[in-house]
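The values are calculated or read from the model by the stated rules, or taken from the named source; none is laboratory data. Quick caveat: nothing in here was measured; it's all calculated off a predicted structure. Cβ placement follows ideal geometry from the backbone for every residue including glycine, while neighbour counts extend to all protein chains displayed.
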Amino acid sequence: MSGSGVKGKGVRRKIDAVAVTRDTLTSRGGLSIFVRYIESIGVLSVLREFFGRIRRSSKGGDIGEIFKQLFCFFADGTSFHLTRFDVLKKDGGYAAGIESDGARLLSSHSVKRFFRAFSWGLSGFFRTVLLRLFIWRLRTTKPEVVVLGIDTMVMDNDEAKKREGVQWTYKRIRGFQPLHVTWERFVIDALFRGGSKQGNHGSTVIKEVRRIVKGIRSGYRSDVAIVIRADSGFMDQDFFDECDKLEVGYTCSGKLYSDIREYAAGVENSFWGRYENGHCTWDFLEMGDRRGEWDRFRRAIFTRLDEKEKQLTMDFARMESIIYTNLGMGGKMDEALGKAKLSGWLTAAGVVELHHGRGRDELVHRSLKQFCPETLPFERFAYNTAFYYTMLLAHFLFESFKEDVCREVVPVEAYPNTLRRRMIDTAAKIVRTGGRTILKVTHAVWDDLNVRSMWLKAGSMPEFSSA
């Protein structure tokens, strides 16, 4: 009978006892491949170069080693409490898996000391590293057009202890509200800010756009087409003028004022166009619009969801909306899109389709919030700033790793927990023999994940430091 425990050939016995093994085992075998990847691309050396100054004595931990352990902490994602480091410090298998000396593993106290060494001025170095990583991705993927998204992300710290910079946000919770520039699945630039600073606060957006455009044209291609998508929080003449000056395309949601609605309501149906994306249908009306103190008219496209369709809740796909753009106005931007075989974006329907793609931009924030915590651990703003930018770097590297190494196992569109459960959480044994250290997995894992292929890919990536 099954489960009877009867002895005999081919009969598997029940487990009768438990004991301790001296073997070096880890339940996070996939982190070994992740570590191989981040060392292969040279990011740890660049971080040593930028942040080596905060190491106050030779007895302090190596900066690259500290960042490596922090990146593994976020990639693991088991717990985002800093006390998790105290648990990991006792795990020899974890140390061996990430190629660290057990005595050098971080504790929660050493992590706190590390971030408390940061001042506000060092945040610029994080942004520089992010920009260089972005240029590296462009050189790797070679896109014909670079579509950027600009938006803010509310980080909920409503139930946390008092934090410097935590303020009421437009979502009626207290937290931080950093400004993000995104590209595909990556946050490529960011400004960490208090919760009350919404959208186009001050001149930060213009400065950020200048910086990114300059980096793309000097580090990737001077003639590449660049398009920026934004929501109504960035509807501003200065922002539009800056895009025109930089010869960058934009699509931006606008605020629906009563005169716009009245004008659209009075236009005959014969002047309206129609756009379908396979799920919903919109009617659109092209017009010129000049708001308040604007010095000229701008191309605008009023859209309304077909009455037969269900109402959508996304800001960029409301029942009625208006989109401002400089595409299709005959500038150099139009020529660049033509060379990229994207002339369809110059039409009104093309602008609507392009702008509705903002949904993919917002998915970056959903991925980031699953990858790392919203509630930050420190009371001081400068320390939380450093922690936040470290999270962004870790997320960027994690997404790059997924695309470069793991795409045969997990789709690049998958959220972080999918890759964690599928690949990171892999049981492995670390064996030292003949002067070599070998990571061993079961035959099932070897074949299922194609471990040999991932190992070779992780160790053969071009360095980004030359970007």
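Is it the case that some residue within the range 436-445 is of a type outside the set (Asp, Glu), touching an Asp or Glu at 6+ places or on another chain (Cβ under 9 Å), surrounded by 14 or more Cβ atoms within 10 Å (Cβ to Cβ) and in a helix (DSSP H, G or I)? No, that holds for no residue.
Taken as a whole, the condition of being in contact (Cβ under 8 Å) with a residue 12 or more places away in the chain and aliphatic (A, V, I, L, M) does not apply to residue 87.
When residue 188 is tested against (1) in a helix (DSSP H, G or I); (2) over 29 Å from residue 306 (Cβ atoms), only condition (1) is not met. Checking 32, 45, 79 one by one, the residue that is of a type in the set (S, T, N, Q) and assigned to a loop (DSSP other than H, G, I, E, B) is 79 and no other.
Looking across the range 174-191, the residues that are more than 27 Å from residue 141 (Cβ to Cβ) and either buried (at least 22 other Cβ atoms within 10 Å of the Cβ) or of a type in the set (Val, Ile, Thr) (or both) come down to 175, 176, 177.
The C-beta contact set for the range 1-25 (first residue under 30 Å from residue 428 (Cβ atoms), second residue at pLDDT below 75 and not polar (S, T, N, Q), distance under 6 angstrom, 6+ apart or interchain) comprises 14/5. For the condition part of a helix (DSSP H, G or I) and either out of contact with any Ser or Thr (no Cβ under 9 Å at 6 or more places or on another chain) or under 30 Å from residue 168 (Cα atoms) (or both), residue 233 qualifies. Once the range 257-311 is narrowed to residues that are within 36 Å of the chain's Cα centre (by Cα) and among the hydroxyl-bearing types (Ser, Thr, Tyr), the residue that is surrounded by the most Cβ atoms within 10 Å (Cβ to Cβ) is 303. If the condition is being under 19 Å from residue 286 (Cβ atoms), in contact with a helix residue (DSSP H, G or I) (Cβ under 8 Å, 6 or more places away or on another chain) and in a loop (DSSP other than H, G, I, E, B), then the range 236-273 contributes 254, 255. Among the residues of the range 239-251, is there at least one that is out of contact with any Gly (no Cβ under 6 Å at 6 or more places or on another chain), of a type in the set (S, T, N, Q) and surrounded by fewer than 19 Cβ atoms within 10 Å (Cβ to Cβ)? The answer is no; no qualifying residue exists.
Test residue 129 against the criterion of being touching a Lys or Arg at 6+ places or on another chain (Cβ under 6 Å) and either small (Gly, Ala, Ser) or assigned by TED's automatic domain parsing to the domain that holds residue 201 (or both), and give yes or no. It is false that residue 129 is touching a Lys or Arg at 6+ places or on another chain (Cβ under 6 Å) and either small (Gly, Ala, Ser) or assigned by TED's automatic domain parsing to the domain that holds residue 201 (or both).
Could you tell me whether residue 451 is more than 24 Å from residue 22 (Cα to Cα) and under 20 Å from the mean Cα position of the chain (by Cα)? Judged against the criteria, residue 451 is not a match. Residues that are within 15 Å of residue 242 (Cβ to Cβ) and of a type in the set (Gly, Ala, Ser) within the range 200-218 comprise 202, 203, listed in sequence order.
For the range 198-226, filtering for residues that are part of a loop (DSSP other than H, G, I, E, B), farther than 30 Å from residue 403 by Cα and free of Cβ contacts under 8 Å to residues at least 40 places away in the same chain leaves 4. Counting only helices (runs of 4 or more DSSP H) that sit wholly inside the range 319-418, those with at least 2 residues that are under 24 Å from residue 32 (Cβ atoms) and in contact with a Phe, Trp or Tyr (Cβ under 8 Å, 6 or more places away or on another chain) are 358-371, 381-404.
Taken over the range 157-179, residues that are more than 30 Å from residue 463 (Cα to Cα) and either modelled with pLDDT of 95 or more or in contact with a Phe, Trp or Tyr (Cβ under 9 Å, 6 or more places away or on another chain) (or both) amount to 11. The criterion of being touching a strand residue (DSSP E or B) at 6+ places or on another chain (Cβ under 8 Å), charged (D, E, K, R) and surrounded by fewer than 20 Cβ atoms within 10 Å (Cβ to Cβ) holds for residue 91. If the condition is being among the β-branched types (Val, Ile, Thr), buried (at least 21 other Cβ atoms within 10 Å of the Cβ) and over 27 Å from residue 288 (Cα atoms), then the range 345-377 contributes only 364. In the range 270-291, the residues that are more than 19 Å from residue 357 (Cβ to Cβ) and assigned by TED's automatic domain parsing to the domain that holds residue 258 form Cβ pairs under 8 Å with partners that are exposed (fewer than 11 other Cβ atoms within 10 Å of the Cβ) and not charged (D, E, K, R), at six or more places apart or across chains, as follows: 285/271. For the range 108-136, a residue qualifies if it is surrounded by fewer than 18 Cβ atoms within 10 Å (Cβ to Cβ) and outside any helix (DSSP H, G or I), and the qualifying residues are 116, 117, 119.
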